[in-house]
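Written out below as structure tokens is the structure these notes cover.
The values are calculated or read from the model by the stated rules, or taken from the named source; none is laboratory data. On a predicted model such as this, the values are computed, not experimentally measured, just so you know. We place every Cβ from the backbone using ideal geometry, glycine too, and count neighbours over all the protein chains shown.
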Amino acid sequence: MNPTNLTNLTNLTKQLLDLPWSWRLTQHAQDDLTWYELTIEELPGYLVAGRTEEEIRAEQRGVLRAFLETRLEHNDPIPLPSLTWRSSLFLLEEENREDREEPIRDRLRLLPI
């Protein structure tokens, strides 16, 4: 991969990391064993498992970064979060310009309630 493509991949990954994903933390117990699993509703296949919530939280961003980079490198689709009640205060402002260097979160604007 040439340096330009690598830079674009890195920038896009950073933008995707900050989207309002639908995180789901589930606790499981069987006999004397307890563990947690963290998934993202929009991203089938994303899973972080660990013994404690703290362990999950420490790993979640790094795992999401690797997950997104792999999808991008293989040109696999990445379903984006929908604008549901949790994120309905934000609207993606589409701009008709060539320059798309600013982060996605900078193209979001808060809507009045």
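One residue alone among Ile56, Ile78 is aliphatic (A, V, I, L, M), outside any loop (DSSP other than H, G, I, E, B), modelled with pLDDT of 90 or more and surrounded by 12 or more Cβ atoms within 10 Å (Cβ to Cβ), and that residue is Ile56. Restricting attention to region 28-53, and to residues there that are in contact with a Leu (Cβ under 8 Å, 6 or more places away or on another chain) and among the charged types (D, E, K, R), which single residue is surrounded by the most Cβ atoms within 10 Å (Cβ to Cβ)? In this case the residue turns out to be Glu42.
Give the residues of region 38-63 that are among the basic types (Lys, Arg) and in contact (Cβ under 8 Å) with a residue 40 or more places away in the chain, sorted by residue number.
Arg61
From the list Leu25, Leu72, Leu9, Leu16, the one residue that fits, being aliphatic (A, V, I, L, M), exposed (fewer than 15 other Cβ atoms within 10 Å of the Cβ) and in contact with a helix residue (DSSP H, G or I) (Cβ under 9 Å, 6 or more places away or on another chain), is Leu25.
Counting the residues of region 22-44 that are part of a strand (DSSP E or B) and either farther than 25 Å from Pro77 by Cβ or more than 11 Å from the chain's Cα centre (by Cα) (or both) gives 13.
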